[in-house]
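Novice: Structure incoming, see below.
The values are calculated or read from the model by the stated rules, or taken from the named source; none is laboratory data. If you're wondering where the values come from, they're calculated on a predicted model, not measured in any experiment. When we count neighbours, we look across all protein chains shown, and the Cβ atoms used for this are built from the backbone with ideal geometry, even at glycine. For the accessible areas, the whole protein counts, side chains as well, though only heavy atoms, and no ligand, DNA or RNA atoms are used. Shrake-Rupley method; radii C 1.70, N 1.55, O 1.52, S 1.80 Å.
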Amino acid sequence: MSPPPVADEKPGVSGVDRVALLGVVAALLGIVVSLVAWLVPDGAAPTGSPGVGTTGAVGAPPGTGTVVRLGELPRVNTDNPFVTVGSASLGGRAFPESITLQIVDAAGSAYAEFDVGGQFRELTATLGMSDTAVAKTAQFVISGDGKSLVTVTARPGASRAVKLDLAGVSRLRVTVSVFPGGAAPCCASGVVGSPVLRG
């Protein structure tokens, strides 16, 4: 009596072969990861042009080309509620993300101070009196670490664009003062129109 026919066996992968194959794949992935880590220097940032308002990780120094709105940075004198960030109008033109300083004290001045950390090379902004201000004239003084960078006399409807060198500056202060007889302190609002820092 002849033995029963044996079914054709198809080649396959045994459990042991699967484990070996997974080990090979894992080893190859490890080599790829090591190669990438070796080729990319530590701290390398993704390429691309950051937009306005891009600050990156907290505490990380901005690189060349970084653009940040001044109003996004920490303000030192946070106890002054009359310093606000938002849209403002100068000569009928809207300036988004502006810093408005309303003068309310008897001395006829107000200031805003920001921690810029010595990480930016320049500031651009437009200085002027808010279209709602009653003051006829006011004076802006922007200083870096106690040193005056620019002084601007402003009148309603006559704003002035500035571009300042901030190399090495850690503290940036903007002061607005009403000239004697210019207006009641409660009605004077100086605007730093759309101030932008560049790294």
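Novice: Could you grab me the full set of residues in the range 91-131 that are assigned to a loop (DSSP other than H, G, I, E, B) and open to solvent by 30 Å² or more (accessible area, probe 1.4 Å)? Can you show your working first?
Specialist: Filtering the range 91-131 down to residues assigned to a loop (DSSP other than H, G, I, E, B) leaves 91-92, 104-108, 116-121, 130-131.
Of everything in the range 91-131, those that are assigned to a loop (DSSP other than H, G, I, E, B) and open to solvent by 30 Å² or more (accessible area, probe 1.4 Å) turn out to be Gly91, Gly92, Val104, Asp105, Ala106, Ala107, Gly117, Gly118, Gln119, Arg121, Asp131.
Novice: Quick check: is even one residue across the range 111-119 touching a Phe, Trp or Tyr at 6+ places or on another chain (Cβ under 6 Å) and modelled with pLDDT of 90 or more?
Specialist: no
Novice: Cβ-Cβ distance below 6 Å, separation of 6 or more or different chains: which pairs start in the range 182-199 with a residue that is at positive phi and part of a strand (DSSP E or B) and end on one that is modelled with pLDDT under 90 and open to solvent by less than 30 Å² (accessible area, probe 1.4 Å)?
Specialist: Cβ pairs passing all conditions: none.
Novice: Now for a different question. When you go through Val150, Val178, Val192 one by one, which is the residue that is open to solvent by less than 30 Å² (accessible area, probe 1.4 Å) and either polar (S, T, N, Q) or at pLDDT below 90 (or both)?
Specialist: Details: Val150 fails: either polar (S, T, N, Q) or at pLDDT below 90 (or both); Val192 fails: either polar (S, T, N, Q) or at pLDDT below 90 (or both).
Result of the check over Val150, Val178, Val192: Val178.
Novice: Among the residues of the range 132-147, write down those that are farther than 16 Å from Glu113 by Cβ, outside any strand (DSSP E or B) and either open to solvent by 70 Å² or more (accessible area, probe 1.4 Å) or modelled with pLDDT of 90 or more (or both).
Specialist: Thr132, Val134, Lys136
Novice: Okay, next question. Does Asp79 fit the bill of being at pLDDT below 95, assigned to a loop (DSSP other than H, G, I, E, B) and open to solvent by 70 Å² or more (accessible area, probe 1.4 Å)? Give the derivation first.
Specialist: Details: at pLDDT below 95: yes; assigned to a loop (DSSP other than H, G, I, E, B): yes; open to solvent by 70 Å² or more (accessible area, probe 1.4 Å): yes.
In short, yes.
Novice: Condition first: modelled with pLDDT of 95 or more, open to solvent by less than 30 Å² (accessible area, probe 1.4 Å), over 16 Å from Phe82 (Cα atoms) and part of a strand (DSSP E or B). Can you find one or more residues in the range 161-171 that meet it?
Specialist: Yes, there is a match, as at least one residue in the range 161-171 is modelled with pLDDT of 95 or more, open to solvent by less than 30 Å² (accessible area, probe 1.4 Å), over 16 Å from Phe82 (Cα atoms) and part of a strand (DSSP E or B).
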